[in-house]
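Colleague: What follows is a single structure, and I will ask about it in a moment.
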Amino acid sequence: MSLPTILVADDDRSIRTVLSQALGRAGYQVRATAQASTLWQWVEEGEGDLVITDVVMPDENGLDLIPRIRRIRPDLRVVVMSAQSTLMTAVKATQRGAFEYLPKPFDLKEVLAVVARALATPAMPVQPAAAPPRPEEQMSLIGRSVVMQDIYRIIARLTTSDLTVMITGESGTGKELVARALHDYGPRRAGPFVAINMAAIPRNLIESELFGHERGAFTGATSRVAGRFEQAAGGTLFLDEIGDMPPEAQTRLLRVLQDGAFTTVGGTVPIRANVRIIAATHRDLRQAIREGAFREDLYYRLNVVPMRLPPLRERVEDIPLLARHFLNENADGAGNVRVLDEEAMGRLQAYRWPGNVRELENLMRRITALHPQESIGADIIDAELAEVSSSGVPGEGTSTETLAEAVERHLRRFLAAGAGQDDMPMSDIYDKVIAEVERPLIAMMLSATRGNQIRAAAMLGLNRNTLRKKIRDLDIPVVRGGA
Ligand SMILES: Nc1ncnc2c1ncn2[C@@H]1O[C@H](COP(=O)(O)OP(=O)(O)OP(=O)(O)O)[C@@H](O)[C@H]1O
Ligand SMILES: [Mg+2]
């Protein structure tokens, strides 16, 4: 039996070398080229069992090659690699029939896993080429982090499917933007995208908003009004903040999803529901189910394709891209764009972003509006962020903040302040941080026991001598019998 042959096309010699070696070690035969034309020639000659191709090559775009390859050799699987790891690349690669899309830099283990999977998967039927999603290649979703690549992959895989999607993520992580992208790149893109926010509508009006009502259905219903289900016909219905949906409306929605039809409030004639559903929530729905606030059967109906949007602090590598994007979008009246210096960028990356991308967007807007100088330094960022924390954004020093979150917030500041400063030795962080926690803890216990070290030790669960030593080491003033 002959070894499978992998055809590799990439104009970067080091990538060809690395791939050839790794694939060779894994037992494959490899042919590598820098030219798309050579790759095409091999494919025409019937060579190879799998193609791994770069997108940008000197003579032709690798993405343009895929449909041609699929036409003459439908069973030859194509894996696309690209350094332009944007949503657009992921979508195009998938639409043109690529088996998998690997953002560069890639992990060799992942490449080998994809190759093995591709060779083991039976060939997919050639799908009719989908029309390009939108004329402009304007990127709506910014970010190249690994976590965002996963999001792009899911969006790309869903371009030809109508499956229901459940998007979860903290406030401001881009749930609505992703819902729109799913619509814009999906099969119903020619239809309307209709959003309804469950948290923004009075509970007693939700059903009539969703399903519409007949004239005279209730006081004030002076004419027939179409609901969102009807308005979204042929398109996508975005059920935002689904976790805030009242129980009766949940029951009604479930029935509509089961029956595929609905009636208006006050109406009797069933109307066929022709919408693709995308739901979103910042709540933990499993928790809501346990508390009896959300129907489990509805949850399973909606959670067909779950997508979790990462909070901004889990993708700090995207912060510079996003910050620059928002500064560019918010040029001031004179058309000038603010630029953040390196230190300022470091501050942004160290911050916790409880309001996620929206908070970053607002900060960039505020900075453009309030600071006329072109170059923005760390002092401005510090001042602006201090303003935010004192005004009590949730998670920033408020009562909902856990101790771990508070510690994390302080540590980010602490590390950001110390990074790159020679006069601040970063060798005993552990002891310093523990001392930071121990000092107020012990001081408060001493104060609560009016300086009674025996009782303080008992409350802390510490040996008396240990407590005494800590008081000495941490230099905590002991006021006997004090308040
Ligand atoms: N990846 C991204 N690239 C560019 N802009 C983004 C991205 N994610 C979010 N935004 C922007 O951040 C803002 C908040 O996004 P969006 O409204 O989609 O968040 P959300 O998760 O729906 O928030 P909420 O839970 O508060 O409704 C929007 O202005 C959006 O354009
Ligand atoms: Mg939203």
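The values are calculated or read from the model by the stated rules, or taken from the named source; none is laboratory data. None of the values given here were measured: they were computed from a predicted structure. Backbone-built Cβ (ideal geometry, glycine too); neighbour counts: all protein chains shown.
Colleague: Which residue pairs have Cβ atoms closer than 6 Å, lie 6 or more positions apart in sequence or on different chains, and pair a first residue in the stretch 277-289 that is in the same structural domain as Leu302 (by TED's automatic domain parsing) with a second residue that is charged (D, E, K, R) and more than 10 Å from ligand 1 (Cβ to nearest atom)?
Modeller: Ile289/Glu296
Colleague: Sticking with this structure for a sec: Which is over 20 Å from Val265 (Cβ atoms), modelled with pLDDT under 95 and within 13 Å of ligand 1 (Cβ to nearest atom), of Ala199, Ala179, Ala190?
Modeller: Unique residue meeting the criteria: Ala199.
Colleague: So Gly220 passes all but one of these: (1) buried (at least 19 other Cβ atoms within 10 Å of the Cβ); (2) over 27 Å from the mean Cα position of the chain (by Cα). Which condition number does it fail?
Modeller: (1)
Colleague: Taking the stretch 4-17 as the search range and keeping residues that are closer than 19 Å to Glu100 by Cα and not in a strand (DSSP E or B), which one is farthest from the chain's Cα centre (by Cα)?
Modeller: Among residues in the stretch 4-17 that are closer than 19 Å to Glu100 by Cα and not in a strand (DSSP E or B), the one farthest from the chain's Cα centre (by Cα) is Pro4.
Colleague: Now, a different point. Please verify whether the stretch 67-88 includes one or more residues that are in a helix (DSSP H, G or I), surrounded by 15 or more Cβ atoms within 10 Å (Cβ to Cβ), within 25 Å of the chain's Cα centre (by Cα) and not hydroxyl-bearing (Ser, Thr, Tyr).
Modeller: Within the stretch 67-88 (the criterion being in a helix (DSSP H, G or I), surrounded by 15 or more Cβ atoms within 10 Å (Cβ to Cβ), within 25 Å of the chain's Cα centre (by Cα) and not hydroxyl-bearing (Ser, Thr, Tyr)), the answer is yes, since at least one residue qualifies.
Colleague: Could I ask something else about it? Give me the pairs: first residue in the stretch 350-374 and closer than 14 Å to Ile319 by Cβ and in the same structural domain as Ala334 (by TED's automatic domain parsing), second residue within 16 Å of ligand 2 (Cβ to nearest atom) and acidic (Asp, Glu), beta-carbon distance under 6 Å, and six or more apart or on different chains, which are they?
Modeller: Listed by first residue and then by second, the contacts come to Trp353/Glu359; Asn356/Glu170.
Colleague: Related question: Pull out all pairs, ordered by first then second residue, where Cβ-Cβ is under 8 Å, the residues are six or more apart or on different chains, the first lies in the stretch 149-177 and is without any contact (Cβ under 8 Å) to a residue 60 or more places away in the chain, and the second is within 16 Å of ligand 2 (Cβ to nearest atom).
Modeller: As it stands, the answer is Leu177/Ser140; Leu177/Leu141, since those pairs meet every condition given.
Colleague: Of all residues being more than 13 Å from ligand 2 (Cβ to nearest atom) and among the basic types (Lys, Arg) in the stretch 178-218, which is farthest from Arg272 (Cα to Cα)? Just the residue, please.
Modeller: Among residues in the stretch 178-218 that are more than 13 Å from ligand 2 (Cβ to nearest atom) and among the basic types (Lys, Arg), the one farthest from Arg272 (Cα to Cα) is Arg203.
Colleague: Okay, moving on. Might you check whether a residue that is over 26 Å from Arg157 (Cβ atoms), more than 16 Å from ligand 1 (Cβ to nearest atom), of a type in the set (S, T, N, Q) and in a loop (DSSP other than H, G, I, E, B) occurs anywhere in the stretch 279-289?
Modeller: So far as the stretch 279-289 goes, no, none of its residues is over 26 Å from Arg157 (Cβ atoms), more than 16 Å from ligand 1 (Cβ to nearest atom), of a type in the set (S, T, N, Q) and in a loop (DSSP other than H, G, I, E, B).
Colleague: May I ask you to say which residue of Asn197, Asn204 is surrounded by fewer than 19 Cβ atoms within 10 Å (Cβ to Cβ), more than 30 Å from the chain's Cα centre (by Cα) and under 29 Å from Ser171 (Cα atoms)?
Modeller: From the options Asn197, Asn204, the qualifying one is Asn204.
Colleague: Hey, Ala331 hits all of (1) in the same structural domain as Glu248 (by TED's automatic domain parsing); (2) part of a loop (DSSP other than H, G, I, E, B) but one; which does it fall short on?
Modeller: Of everything listed in (1) in the same structural domain as Glu248 (by TED's automatic domain parsing); (2) part of a loop (DSSP other than H, G, I, E, B), Ala331 misses just condition (1).
Colleague: If you don't mind, another one. I'd like the residue in the stretch 24-46 that is in a strand (DSSP E or B) and not β-branched (Val, Ile, Thr) and, out of all such residues, is farthest from Val80 (Cα to Cα).
Modeller: Checking each candidate, the answer is Gln29.
Colleague: Of the residues Gly260, Gly266, Gly292, which single one is more than 16 Å from ligand 2 (Cβ to nearest atom), in contact with a strand residue (DSSP E or B) (Cβ under 7 Å, 6 or more places away or on another chain) and without any contact (Cβ under 8 Å) to a residue 40 or more places away in the chain?
Modeller: Gly260
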